[in-house]
Each structure stands twice: as structure tokens, then as C-alpha cells.
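Quick note: the coordinates plus some simple rules give every number you see, no bench work behind them. What you see is a predicted model; the values in this text were computed from it and never measured. Glycine gets a Cβ as well: all are built from the backbone with ideal geometry, and neighbour counts include every protein chain shown.
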Ligand SMILES: C[S@@+](CC[C@H](N)C(=O)[O-])C[C@H]1O[C@@H](n2cnc3c(N)ncnc32)[C@H](O)[C@@H]1O
């Protein structure tokens, strides 16, 4: 891994640990709420195994997960489209991307996920387009997001969804989501205990 990326990931991991320790008082609006390092390693490995080029992320925050992905995607000269509604987090993410040297790999779409996903899904060029998707925004709408995303994923494409097991307050919504996926014959899915619990879904047809 190149030094600039490694350094920024490390800085953000320190911030994330502090945030979780509650030793500093960070408003809910400004929390990173990042994936764990283990999940970063997992998604980076999936991207590399797939030689993924086209990626979509729902819920960028300050860019920790995006940088893990950009590290793999940039080697394929690919692009990540990432969605975030919070202007302050977008500003912080842009600074992090600059420091890591991954700005050219990332296209930020500012706004509400439901609106942006609807806009993308109406464009023919995004049909069967994404090799990899990370879903990590508000949990109540996860099924709606998935339904908009699925037609935009290529056959063999992978969708990872964070927070399947933790925090526990999301468990009920995430269990409904997992049960919903299991009824769909066009995919195969498992709930992995890595990180905060990752749903790993592959599109079969
Ligand atoms: C769990 S955090 C994402 C963490 C990030 N994936 C990481 O690992 O660094 C969720 C993010 O989704 C954003 N978000 C929540 N609901 C959203 C919505 N409806 N539209 C767009 N962004 C949303 C929040 O502002 C927050 O930054």
C-alpha cells in the first residue's frame, strides 16, 4: 500500500477509536461512523479478487471506507461513485482524499441517497454496470436502496451491506433486510460476523 494512503487510513482509525471510546464529545452530526479496519480489509480484498472497476457507495461520511476501496479500484483505473448528504463530512472527505492521493478515483454525489439512486437507475448506462456496491447509510431505507441498486449491478457483482449485527439497535431492520434477500432467487447471500456484521451478496442473474 502506498504511504500516503496508509497514513490517512491510520489517522482515521485513530479518530474512529477515539469516537467509539466517547472520550471526546463529537456531535452525532459529525461522527465518522466508519466501517472497521477488518471490514476495510475485506472489501479491499473482494475488489482485488474481482478486478473491480466500477463501484458505488451509499454513505461516504469522511471517506474511510471510500479510501480502502480507492486503494484497489485505482489499480484498475476504475471509478467510485459515492453518495453523502452531509456537507461538512463531504468537506472532510475531500481533504482526506487529497492527502491520500485518491481524488481522481472518486466522484462524490451530494444529496439524499434515495434521490441520487433513483436518478442513476434511470440512466441506461448504469444498467448492469457496478462490479461492487457498499451500502452504509441510514438503515431504515436499506431495502429501498437495494431494490434501486440491484438492476445496476453486473452479474457476478458483489454488494456488501454494513451493520448487519451491530449496533444492536439496527438488528431488527437488518434482519428484515437479510430475510428479504434470501427470498430472491437472483442472488446468493451470507451474513458474515466480520466487523459490525457484513452482508455479502452476489448477483447470480
Ligand atoms: C455509517 S456512515 C458511513 C461511513 C462510511 N461508509 C465509512 O465507513 O467511512 C453513514 C453516512 O451516511 C450518510 N447518510 C445517512 N442517510 C443518508 C441519506 N438518506 N442520504 C445520503 N447520505 C446519508 C450520513 O451522513 C453518514 O455520513
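Would you say residue 195 is touching a helix residue (DSSP H, G or I) at 6+ places or on another chain (Cβ under 9 Å), surrounded by fewer than 19 Cβ atoms within 10 Å (Cβ to Cβ) and either part of a helix (DSSP H, G or I) or touching a residue at least 60 places away in the same chain (Cβ under 8 Å) (or both)?
Details: touching a helix residue (DSSP H, G or I) at 6+ places or on another chain (Cβ under 9 Å): yes; surrounded by fewer than 19 Cβ atoms within 10 Å (Cβ to Cβ): no; either part of a helix (DSSP H, G or I) or touching a residue at least 60 places away in the same chain (Cβ under 8 Å) (or both): yes.
Criteria not met by residue 195.
Among the residues of the stretch 112-144, what is the count of those that are more than 14 Å from the ligand (Cβ to nearest atom) and either part of a loop (DSSP other than H, G, I, E, B) or in contact with a helix residue (DSSP H, G or I) (Cβ under 7 Å, 6 or more places away or on another chain) (or both)?
Going through the stretch 112-144 one residue at a time, the tally reaches 9.
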